[in-house]
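Values in this text are rule-based calculations from the coordinates and carry no lab data. For clarity, every value in this text was computed on a predicted model and none was experimentally measured. Positions of Cβ are backbone-derived with ideal geometry, glycine not excepted, and every protein chain shown enters the neighbour counts.
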Amino acid sequence: MTPDILFFFEQKAEALPLYQLLEQKILSEIQNVSIRVQKTQISFSNRRNFAFVSFLPVKKAKDRPKAYITVTFGLGYRVDSPRIDGAVEPYPNRWTHHVLISSVGEIDGELMGWIKEASAFSADKI
């Protein structure tokens, strides 16, 4: 864990275990991943950014748990799943999806499948 990541979670330390598991899975399942910590998000990239972790409030405050992270990824189509808390199409055939994660059990095969697909999608962009 880098000092930048620890600083990112300083005010929301209860969410750090969620991030740690997600990072470990991304690094073990996807090759050549770079991590960049910014003020409001942590980016995962290969040739381009493909996934992000933030505290984006994709649910109303009353519906958000105390400990959560928002995982964002982009695909060439809209994912139809009740797990997707928000999806927008900023460019034709480029959908940005947001998933609120509040337990380690939610960092599962389905989520990792979307993230791996997002990695391949971003690597194929010209």
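Hey, can you tell me all the residues within the range 1-27 that are under 18 Å from T70 (Cβ atoms) and surrounded by fewer than 11 Cβ atoms within 10 Å (Cβ to Cβ)? Matches in the range 1-27: E10, Q11, A13.
A quick yes/no check of all residues on (1) within 15 Å of S119 (Cβ to Cβ); (2) surrounded by 19 or more Cβ atoms within 10 Å (Cβ to Cβ); (3) of a type in the set (K, R); (4) in contact with a helix residue (DSSP H, G or I) (Cβ under 9 Å, 6 or more places away or on another chain):
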| residue | (1), (2), (3), (4) |
| --- | --- |
| F50 | yes, yes, no, yes |
| L56 | no, no, no, no |
| K59 | no, no, yes, no |
| T70 | no, yes, no, no |
| G76 | yes, no, no, yes |
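Applying the criterion of being in a strand (DSSP E or B) and of a type in the set (S, T, Y) to the residues of the range 26-44, the residue that is farthest from S102 (Cα to Cα) is S34. Restricting attention to the range 85-126 and to residues that are in contact with an Asp or Glu (Cβ under 8 Å, 6 or more places away or on another chain) and not in a helix (DSSP H, G or I), the residue that is surrounded by the most Cβ atoms within 10 Å (Cβ to Cβ) turns out to be V99. Residues that are surrounded by fewer than 16 Cβ atoms within 10 Å (Cβ to Cβ), of a type in the set (D, E) and more than 26 Å from D4 (Cβ to Cβ) are absent from the range 28-36. Could you list all residues from the range 45-73 that are part of a strand (DSSP E or B) and under 17 Å from I84 (Cα atoms)? Once the filter is applied, which keeps residues that are part of a strand (DSSP E or B) and under 17 Å from I84 (Cα atoms), the range 45-73 yields F50, A51, F52, V53, S54, I69, T70, V71, T72, F73. Which residue pairs have Cβ atoms closer than 6 Å, lie 6 or more positions apart in sequence or on different chains, and pair a first residue in the range 9-25 that is assigned to a helix (DSSP H, G or I) with a second residue that is among the β-branched types (V, I, T)? Listed by first residue and then by second, the contacts come to A15/I69; L18/I69; L18/I101; Y19/V53; Y19/I69; L21/V104; L21/I107; L22/I107.
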